[in-house]
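Worksheet: one structure, shown below.
The values are calculated or read from the model by the stated rules, or taken from the named source; none is laboratory data. Quantities reported herein were computed from a predicted structural model and do not represent experimental measurements. All Cβ positions, glycine included, derive from the backbone under ideal geometry; neighbour counts span all protein chains shown. Accessible surface areas use protein heavy atoms only, side chains included; no ligands, DNA or RNA. Shrake-Rupley method; radii C 1.70, N 1.55, O 1.52, S 1.80 Å.
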Amino acid sequence: GYKVHLANPAAIQQYKGLKHSNDLRDAFWLADMLRLGILPEGYIYPKETRPLRDLLRARGFLVRQRTAMVASLQNVISRNRGLQMPGKDIRLLTIDRVAPLLEDNQDLALVGKTFRKGAVHLSRRILEIEKAVEEKAVGLPEYARLLSMPGVGKILGLTILLETGPISRFPKAGNYASYCRRVSGKWTSNGKTKGSGNRKNGNKYLCWAFSEAAELARRFHEEPRRYYNKKKSKTNRMAAHNALAHKLCRAAFHIMRDKVDFDSDKLFA
């Protein structure tokens with residue numbers, strides 16, 4: 001029956017005047033800040049949708065493992081055969097294009113067989129997870145609206161939706177952009193930059209999702225590419241990429257909060 005408070009250690013500074021510091025004193029310090037209403041707290045993700053979010057995170061972990069296997073096998077083929085094999089040819093579920101290249105050496109053949117079977121097995125598990133997650137999220141109206149954004153497909157839409165949680169916990173678009181790590185950290189005093197920090201404050205999965213969305217939007221959509229090129233002409237490539245990712249992040253906030261479809265005229269006017 002108690003209300004749980006998740007304290008944010010990164011925002012809590014211990015009282016410097018304490019003569020003794022131990023678990024009991026720390027508990028009293030936390031309780032005192034809670035009593036005064038100044039306890040920095042973190043967000044507790046809803047228990048009902050937490051397993052679905054964790055399932056999608058497991059997919060990302062398997063994708064990274066599969067990429068490591070494919071890259072290792074590509075390296076073996078390149079060093080021993082002088083050939084460059086695309087990763088999609090290694091991951092084919094029905095056709096084995098690796099075995100003919102390494103069949104004349106028993107050791108290399110075993111390496112190829114092991115890595116390819118591992119990559120194929122992971123591909124099947126990844127597809128299984130994607131199907132399970134999409135079946136539960138496809139009925140959500142926010143998911144369909146996120147897919148209307150340029151550069152956002154099935155996986156990125158699911159990532160943005162599940163990692164964000166209730167959009168009502170963010171007062172403004174700027175708060176959401178900061179949580180997505182799409183706002184630069186800078187310390188200034190008297191108009192001068194004194195340094196930067198806390199770049200990893202926020203959600204790394206949302207940071208990745210909007211970075212991927214910005215790159216895909218730049219490649220395949222005219223208006224995001226025009227905005228990117230305009231920014232690039234004034235600054236540099238990475239600054240333009242981050243600016244486009246920030247734009248898409250703010251657009252996603254308004255889509256989920258206001259329950260509207262993506263409008264390129266409002267975003268790139």
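Looking across the range 82-115 at every residue that is out of contact with any helix residue (DSSP H, G or I) (no Cβ under 7 Å at 6 or more places or on another chain) and assigned to a loop (DSSP other than H, G, I, E, B), the one that is nearest to K154 (Cα to Cα) is identified as L92.
Between E130, E142, the distinction of being of a type in the set (D, E, K, R), crowded, with 16+ Cβ neighbours inside 10 Å, out of contact with any Phe, Trp or Tyr (no Cβ under 6 Å at 6 or more places or on another chain) and modelled with pLDDT under 90 belongs to E142 only. Every listed requirement among (1) under 20 Å from the mean Cα position of the chain (by Cα); (2) open to solvent by 70 Å² or more (accessible area, probe 1.4 Å); (3) of a type outside the set (G, A, S) is met by W187 save one, (1). Considering I160, I90, I95, the condition of being within 27 Å of the chain's Cα centre (by Cα), among the β-branched types (V, I, T) and at pLDDT below 95 is satisfied by I90 alone. All of R35, R79, R64 fail the test of being under 19 Å from Y205 (Cα atoms) and in a helix (DSSP H, G or I), apart from R64. Taking every residue in the range 111-137 that is acidic (D, E) and pairing it with any residue that is open to solvent by 50 Å² or more (accessible area, probe 1.4 Å), at least 6 positions away or on another chain, the pairs with Cβ-Cβ distances below 9 Å are E130/K154; E134/K154.
Residues considered: M85, M149. Of these, the only one that is farther than 21 Å from Y45 by Cβ, of a type in the set (A, V, I, L, M) and buried (at least 20 other Cβ atoms within 10 Å of the Cβ) is M149.
Looking across the range 175-207 at every residue that is among the small types (G, A, S) and free of Cβ contacts under 8 Å to residues at least 40 places away in the same chain, the one that is nearest to F253 (Cα to Cα) is identified as S178.
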